[in-house]
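The values are calculated or read from the model by the stated rules, or taken from the named source; none is laboratory data. What you see is a predicted model; the values in this text were computed from it and never measured. Here Cβ is always computed from backbone atoms with ideal geometry, including for glycine, and neighbour counts include all displayed protein chains. Accessible surface is based on the protein model in full, side chains and every heavy atom, while ligands, DNA and RNA are left aside. Shrake-Rupley method; radii C 1.70, N 1.55, O 1.52, S 1.80 Å.
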Amino acid sequence: MDQPQYVVAHLRRALAEDPRTAELGVHVTIRGAVVVLDGEVTSADCKQQMETVVREQLPQAEIHNDVRVRTPIAPTGSEHLPT
């Protein structure tokens, strides 16, 4: 594997530019020979696509996909502001 900081930059760029992910809010770190993905996305499909993009870039890498799926919900009720 190349220098970790270059690999991380390459993977971040791939995740940002790939139309399947177009993701800027996920953190990529290298721990030894393991690529770790961490952050939040809005669907399980997006989480899986992120791992796919990384695997295409580094086929031999071990990947820990710690990305959490968070489904956005609309607020219930209204906010009352003091006058």
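See the values below:
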{"item": "Selected residue (only one of V7, V34 is of a type in the set (A, V, I, L, M, F, W, C), open to solvent by 20 Å² or more (accessible area, probe 1.4 Å) and within 15 Å of E62 (Cα to Cα))", "result": "V34"}
{"item": "Cβ-Cβ under 8 Å pairs, at least 6 apart or on other chains, region 72-83 side in a loop (DSSP other than H, G, I, E, B), far side surrounded by 10 or more Cβ atoms within 10 Å (Cβ to Cβ) and at pLDDT 80 or above", "result": "P72/T42"}
{"item": "Breaking point among (1) modelled with pLDDT under 90; (2) open to solvent by 70 Å² or more (accessible area, probe 1.4 Å); (3) in contact with a strand residue (DSSP E or B) (Cβ under 6 Å, 6 or more places away or on another chain); (4) within 20 Å of D18 (Cβ to Cβ), for R70", "result": "(4)"}
{"item": "Number of the exception - C46 against (1) open to solvent by less than 80 Å² (accessible area, probe 1.4 Å); (2) in contact with a strand residue (DSSP E or B) (Cβ under 7 Å, 6 or more places away or on another chain)", "result": "(2)"}
